[in-house]
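Here the structure is laid out as C-alpha coordinates; the discussion comes afterwards.
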Amino acid sequence: MKKFKLNKESRIGLTVIIAIALFVWGLNYLKGINLLKQAQRYYVVYNQIDGLVTSAPVMLDGFQVGLVKSIDYQYNSPGHILVELNLEKQLNLPVGTKAVLEPALVGNPNISLILGPGPRLLAVGDTLTADRKADLMIMLEEELIPGIKDLIQRAGRVVSQLEAQLDEGGDLNKSLASVRKTSERLASASASLDLLLANEIPSTIGNINSLSSNFNALGRELRTVDFAGISHRVDSTLLILQDVSLRLTRPDNSLGLLLNDTELYFNLNKTASSANELLLDLRERPKRYVHFSLFGSKK
(Lines give C-alpha, C1' and ligand atoms only; values in the text may rest on other atoms or scores of the structure.)
Protein backbone atom coordinates (compact mmCIF):
# COMPACT_ATOMS: atom_id res chain seq x y z
CA MET A 1 0.00 0.00 0.00
CA LYS A 2 1.43 3.30 -1.06
CA LYS A 3 1.77 5.90 1.71
CA PHE A 4 0.19 9.33 1.20
CA LYS A 5 2.69 12.16 1.61
CA LEU A 6 2.11 15.91 1.55
CA ASN A 7 4.49 17.99 -0.37
CA LYS A 8 6.17 21.02 1.12
CA GLU A 9 3.64 23.55 -0.23
CA SER A 10 0.69 21.56 1.16
CA ARG A 11 2.24 21.32 4.61
CA ILE A 12 2.89 25.06 4.62
CA GLY A 13 -0.71 25.79 3.56
CA LEU A 14 -2.15 23.43 6.18
CA THR A 15 0.01 25.03 8.86
CA VAL A 16 -1.15 28.50 7.84
CA ILE A 17 -4.83 27.42 7.96
CA ILE A 18 -4.41 25.88 11.44
CA ALA A 19 -2.60 29.01 12.64
CA ILE A 20 -5.39 31.26 11.32
CA ALA A 21 -8.05 29.06 12.95
CA LEU A 22 -6.19 29.12 16.26
CA PHE A 23 -5.78 32.90 15.98
CA VAL A 24 -9.51 33.41 15.32
CA TRP A 25 -10.46 31.04 18.14
CA GLY A 26 -8.02 32.70 20.56
CA LEU A 27 -9.15 36.20 19.63
CA ASN A 28 -12.79 35.30 20.21
CA TYR A 29 -11.88 33.50 23.43
CA LEU A 30 -10.17 36.65 24.68
CA LYS A 31 -13.37 38.51 23.86
CA GLY A 32 -15.31 35.96 25.88
CA ILE A 33 -16.68 34.09 22.87
CA ASN A 34 -16.20 30.34 23.01
CA LEU A 35 -16.65 29.05 19.46
CA LEU A 36 -16.73 25.45 20.71
CA LYS A 37 -19.65 26.11 23.07
CA GLN A 38 -23.17 26.24 21.68
CA ALA A 39 -25.15 29.42 22.34
CA GLN A 40 -28.60 30.78 21.56
CA ARG A 41 -29.41 34.29 20.43
CA TYR A 42 -31.84 36.85 21.88
CA TYR A 43 -32.29 40.54 21.10
CA VAL A 44 -32.88 43.73 23.10
CA VAL A 45 -33.72 47.22 21.83
CA TYR A 46 -32.41 50.18 23.87
CA ASN A 47 -32.73 53.92 23.31
CA GLN A 48 -29.49 54.59 25.25
CA ILE A 49 -26.63 52.15 25.89
CA ASP A 50 -24.24 54.37 27.97
CA GLY A 51 -21.11 53.07 26.25
CA LEU A 52 -22.04 49.38 26.06
CA VAL A 53 -19.59 47.45 23.86
CA THR A 54 -19.52 44.02 22.25
CA SER A 55 -18.27 41.14 24.42
CA ALA A 56 -19.74 42.86 27.50
CA PRO A 57 -20.90 40.22 29.99
CA VAL A 58 -24.55 39.25 30.49
CA MET A 59 -25.15 38.38 34.16
CA LEU A 60 -27.86 36.40 35.98
CA ASP A 61 -27.76 36.51 39.81
CA GLY A 62 -24.13 37.65 39.63
CA PHE A 63 -23.09 34.78 37.31
CA GLN A 64 -22.08 35.30 33.68
CA VAL A 65 -24.46 33.41 31.39
CA GLY A 66 -23.53 35.05 28.09
CA LEU A 67 -22.18 38.13 26.36
CA VAL A 68 -23.09 40.87 23.92
CA LYS A 69 -22.62 39.55 20.40
CA SER A 70 -23.25 42.72 18.38
CA ILE A 71 -24.62 46.25 18.62
CA ASP A 72 -26.38 47.88 15.67
CA TYR A 73 -27.85 51.36 15.50
CA GLN A 74 -31.19 51.41 13.68
CA TYR A 75 -30.72 54.30 11.29
CA ASN A 76 -34.18 53.84 9.82
CA SER A 77 -35.62 54.26 13.33
CA PRO A 78 -33.50 56.81 15.26
CA GLY A 79 -33.36 56.33 19.02
CA HIS A 80 -33.40 52.53 18.73
CA ILE A 81 -30.25 50.44 19.22
CA LEU A 82 -30.47 46.69 18.57
CA VAL A 83 -28.28 44.55 20.85
CA GLU A 84 -27.75 40.88 20.10
CA LEU A 85 -27.10 38.58 23.08
CA ASN A 86 -25.41 35.19 22.99
CA LEU A 87 -26.66 33.16 25.96
CA GLU A 88 -25.87 29.66 27.13
CA LYS A 89 -28.00 26.96 25.56
CA GLN A 90 -29.10 25.52 28.93
CA LEU A 91 -30.66 28.86 29.92
CA ASN A 92 -34.45 29.07 29.53
CA LEU A 93 -35.98 32.55 29.67
CA PRO A 94 -39.64 32.96 30.79
CA VAL A 95 -41.90 35.47 29.10
CA GLY A 96 -41.41 38.92 30.65
CA THR A 97 -37.66 38.54 31.26
CA LYS A 98 -35.92 41.93 31.45
CA ALA A 99 -32.45 42.83 30.20
CA VAL A 100 -31.34 45.62 32.54
CA LEU A 101 -28.48 47.84 31.38
CA GLU A 102 -26.36 48.59 34.48
CA PRO A 103 -23.76 51.37 34.26
CA ALA A 104 -20.44 50.70 35.98
CA LEU A 105 -18.56 53.10 38.24
CA VAL A 106 -15.34 52.30 36.36
CA GLY A 107 -15.36 50.76 32.88
CA ASN A 108 -18.13 49.83 30.49
CA PRO A 109 -21.66 48.84 31.54
CA ASN A 110 -23.00 45.30 31.45
CA ILE A 111 -26.41 43.66 31.19
CA SER A 112 -28.22 41.86 34.02
CA LEU A 113 -31.14 39.52 33.41
CA ILE A 114 -34.25 39.55 35.60
CA LEU A 115 -36.34 36.46 34.86
CA GLY A 116 -40.02 36.93 34.21
CA PRO A 117 -42.77 35.45 36.39
CA GLY A 118 -44.65 33.59 33.67
CA PRO A 119 -44.42 29.83 33.11
CA ARG A 120 -44.25 30.24 29.32
CA LEU A 121 -40.77 30.42 27.79
CA LEU A 122 -39.39 32.71 25.13
CA ALA A 123 -38.33 31.20 21.85
CA VAL A 124 -34.78 31.53 20.61
CA GLY A 125 -34.49 34.80 18.68
CA ASP A 126 -37.22 36.63 20.64
CA THR A 127 -36.77 40.16 21.93
CA LEU A 128 -36.36 40.73 25.68
CA THR A 129 -37.86 43.64 27.60
CA ALA A 130 -35.33 46.47 27.83
CA ASP A 131 -34.67 48.29 31.08
CA ARG A 132 -31.97 50.65 32.26
CA LYS A 133 -30.62 51.81 35.59
CA ALA A 134 -29.80 55.45 36.08
CA ASP A 135 -26.20 56.48 35.62
CA LEU A 136 -24.20 57.19 38.76
CA MET A 137 -23.62 60.80 37.78
CA ILE A 138 -27.33 61.23 37.11
CA MET A 139 -28.11 59.77 40.53
CA LEU A 140 -25.62 62.16 42.11
CA GLU A 141 -27.09 65.06 40.20
CA GLU A 142 -30.70 64.16 41.07
CA GLU A 143 -30.31 63.09 44.71
CA LEU A 144 -26.99 64.05 46.29
CA ILE A 145 -26.35 67.47 44.78
CA PRO A 146 -29.75 68.93 45.85
CA GLY A 147 -29.07 67.71 49.39
CA ILE A 148 -25.62 69.34 49.35
CA LYS A 149 -27.14 72.59 48.10
CA ASP A 150 -29.74 72.53 50.86
CA LEU A 151 -27.02 71.82 53.43
CA ILE A 152 -24.96 74.75 52.15
CA GLN A 153 -27.98 77.05 52.35
CA ARG A 154 -28.69 75.97 55.94
CA ALA A 155 -25.06 76.48 56.89
CA GLY A 156 -25.23 79.96 55.37
CA ARG A 157 -28.31 80.82 57.44
CA VAL A 158 -26.61 79.56 60.62
CA VAL A 159 -23.53 81.67 59.88
CA SER A 160 -25.74 84.72 59.21
CA GLN A 161 -27.56 84.29 62.50
CA LEU A 162 -24.25 83.86 64.34
CA GLU A 163 -22.88 87.01 62.76
CA ALA A 164 -26.04 88.90 63.77
CA GLN A 165 -25.64 87.70 67.36
CA LEU A 166 -22.01 88.78 67.38
CA ASP A 167 -22.94 92.19 66.00
CA GLU A 168 -25.72 92.78 68.54
CA GLY A 169 -23.79 91.27 71.41
CA GLY A 170 -26.90 90.81 73.54
CA ASP A 171 -27.97 87.21 73.72
CA LEU A 172 -24.46 85.94 73.09
CA ASN A 173 -23.06 87.97 76.00
CA LYS A 174 -25.86 86.68 78.22
CA SER A 175 -25.04 83.13 77.18
CA LEU A 176 -21.34 83.68 77.89
CA ALA A 177 -22.19 85.21 81.28
CA SER A 178 -24.41 82.23 82.08
CA VAL A 179 -21.64 79.85 81.10
CA ARG A 180 -19.22 81.82 83.29
CA LYS A 181 -21.57 81.65 86.29
CA THR A 182 -22.08 77.94 85.75
CA SER A 183 -18.32 77.44 85.64
CA GLU A 184 -17.92 79.40 88.91
CA ARG A 185 -20.63 77.31 90.57
CA LEU A 186 -18.93 74.14 89.40
CA ALA A 187 -15.63 75.40 90.85
CA SER A 188 -17.34 76.18 94.19
CA ALA A 189 -18.98 72.76 94.24
CA SER A 190 -15.63 71.15 93.49
CA ALA A 191 -14.01 73.03 96.40
CA SER A 192 -16.84 71.95 98.75
CA LEU A 193 -16.40 68.39 97.60
CA ASP A 194 -12.66 68.58 98.24
CA LEU A 195 -13.34 69.92 101.77
CA LEU A 196 -15.83 67.14 102.38
CA LEU A 197 -13.35 64.54 101.21
CA ALA A 198 -10.64 66.05 103.40
CA ASN A 199 -12.65 66.41 106.67
CA GLU A 200 -15.90 64.48 106.78
CA ILE A 201 -15.02 61.36 104.89
CA PRO A 202 -12.03 60.35 107.10
CA SER A 203 -14.09 60.75 110.30
CA THR A 204 -16.93 58.77 108.76
CA ILE A 205 -14.50 56.04 107.75
CA GLY A 206 -13.12 56.06 111.32
CA ASN A 207 -16.64 55.65 112.74
CA ILE A 208 -17.28 52.80 110.35
CA ASN A 209 -14.03 51.15 111.44
CA SER A 210 -14.96 51.56 115.13
CA LEU A 211 -18.41 50.11 114.48
CA SER A 212 -16.82 47.21 112.66
CA SER A 213 -14.51 46.60 115.66
CA ASN A 214 -17.53 46.59 117.99
CA PHE A 215 -19.27 44.06 115.79
CA ASN A 216 -16.15 41.91 115.81
CA ALA A 217 -15.99 42.04 119.65
CA LEU A 218 -19.70 41.19 119.85
CA GLY A 219 -19.11 38.27 117.53
CA ARG A 220 -16.28 36.97 119.71
CA GLU A 221 -18.49 37.24 122.82
CA LEU A 222 -21.31 35.44 121.07
CA ARG A 223 -18.93 32.65 120.14
CA THR A 224 -18.16 32.13 123.89
CA VAL A 225 -21.86 31.73 124.84
CA ASP A 226 -22.90 28.12 125.55
CA PHE A 227 -25.88 27.98 123.21
CA ALA A 228 -26.01 24.20 123.53
CA GLY A 229 -26.44 24.37 127.33
CA ILE A 230 -29.07 27.07 127.04
CA SER A 231 -30.94 24.99 124.50
CA HIS A 232 -30.75 21.94 126.80
CA ARG A 233 -32.15 23.91 129.74
CA VAL A 234 -34.93 25.36 127.61
CA ASP A 235 -35.82 21.84 126.46
CA SER A 236 -35.90 20.64 130.11
CA THR A 237 -38.16 23.54 131.10
CA LEU A 238 -40.51 22.78 128.24
CA LEU A 239 -40.69 19.13 129.30
CA ILE A 240 -41.58 20.15 132.91
CA LEU A 241 -44.29 22.52 131.63
CA GLN A 242 -45.62 19.78 129.41
CA ASP A 243 -45.77 17.38 132.42
CA VAL A 244 -47.60 19.99 134.53
CA SER A 245 -50.07 20.59 131.72
CA LEU A 246 -50.75 16.85 131.43
CA ARG A 247 -51.33 16.54 135.17
CA LEU A 248 -53.77 19.43 135.13
CA THR A 249 -55.83 17.60 132.55
CA ARG A 250 -55.93 14.30 134.51
CA PRO A 251 -58.35 13.71 137.45
CA ASP A 252 -55.87 11.65 139.50
CA ASN A 253 -54.46 14.62 141.44
CA SER A 254 -55.78 17.53 143.48
CA LEU A 255 -55.30 20.21 140.82
CA GLY A 256 -56.77 17.91 138.21
CA LEU A 257 -59.82 17.22 140.39
CA LEU A 258 -60.15 20.93 141.13
CA LEU A 259 -60.10 21.79 137.44
CA ASN A 260 -62.02 18.82 136.04
CA ASP A 261 -64.59 17.79 138.76
CA THR A 262 -67.91 19.41 137.82
CA GLU A 263 -69.60 18.35 141.06
CA LEU A 264 -67.05 20.35 143.06
CA TYR A 265 -67.85 23.33 140.82
CA PHE A 266 -71.59 23.02 141.47
CA ASN A 267 -71.02 22.58 145.26
CA LEU A 268 -68.86 25.68 145.39
CA ASN A 269 -71.43 27.58 143.37
CA LYS A 270 -74.23 26.41 145.71
CA THR A 271 -72.15 27.40 148.79
CA ALA A 272 -71.52 30.84 147.34
CA SER A 273 -75.24 31.26 146.67
CA SER A 274 -76.12 30.18 150.26
CA ALA A 275 -73.53 32.59 151.68
CA ASN A 276 -74.95 35.37 149.56
CA GLU A 277 -78.50 34.64 150.81
CA LEU A 278 -77.26 34.54 154.41
CA LEU A 279 -75.59 37.92 154.08
CA LEU A 280 -78.72 39.44 152.54
CA ASP A 281 -80.92 38.03 155.34
CA LEU A 282 -78.43 39.28 157.96
CA ARG A 283 -78.59 42.75 156.46
CA GLU A 284 -82.40 42.80 156.41
CA ARG A 285 -83.06 41.13 159.82
CA PRO A 286 -79.99 41.51 162.03
CA LYS A 287 -81.96 41.03 165.28
CA ARG A 288 -82.59 37.46 164.36
CA TYR A 289 -78.90 36.71 164.76
CA VAL A 290 -77.52 39.39 167.19
CA HIS A 291 -79.08 40.33 170.68
CA PHE A 292 -77.49 43.33 172.39
CA SER A 293 -78.71 45.34 175.49
CA LEU A 294 -77.04 47.73 177.97
CA PHE A 295 -79.27 46.70 180.96
CA GLY A 296 -79.61 43.07 180.32
CA SER A 297 -81.92 41.13 178.21
CA LYS A 298 -85.22 39.46 178.81
CA LYS A 299 -85.63 35.80 178.58
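The values are calculated or read from the model by the stated rules, or taken from the named source; none is laboratory data. Just so it is clear, the structure is predicted and the values come from calculations on it, not from any experiment. Virtual Cβ from ideal backbone geometry, glycine too; neighbours counted across all protein chains shown.
Looking at (1) in the same structural domain as Val58 (by TED's automatic domain parsing); (2) surrounded by 10 or more Cβ atoms within 10 Å (Cβ to Cβ); (3) at pLDDT below 90, which one does Leu172 not meet, given that it meets all the others?
That leaves (1) as the condition not met.
Please work out if Glu200 is at pLDDT below 75 and not hydrophobic (A, V, I, L, M, F, W, C).
Yes; evaluated as a whole, the condition is true for this residue.
Only residues that are surrounded by 15 or more Cβ atoms within 10 Å (Cβ to Cβ) and not polar (S, T, N, Q): list them for region 103-113, please.
Pro103, Pro109, Ile111, Leu113
In region 75-99, which residue that is surrounded by fewer than 13 Cβ atoms within 10 Å (Cβ to Cβ) and in contact (Cβ under 8 Å) with a residue 24 or more places away in the chain is farthest from Ser112 (Cα to Cα)?
Of the residues in region 75-99, the ones surrounded by fewer than 13 Cβ atoms within 10 Å (Cβ to Cβ) are 75-79, 89-90, 92.
Imposing the further condition that a residue be in contact (Cβ under 8 Å) with a residue 24 or more places away in the chain reduces the set to 79, 89, 92.
Values: Gly79: 21, Lys89: 17, Asn92: 15 Å.
Only one residue tops the list, namely Gly79.
Mind checking which residues of region 55-64 are crowded, with 18+ Cβ neighbours inside 10 Å and either part of a strand (DSSP E or B) or touching a residue at least 60 places away in the same chain (Cβ under 8 Å) (or both)?
Val58, Leu60
When you scan region 76-92, how many residues do you find that are assigned to a loop (DSSP other than H, G, I, E, B) and modelled with pLDDT under 90?
Qualifying residue count, region 76-92: 7.
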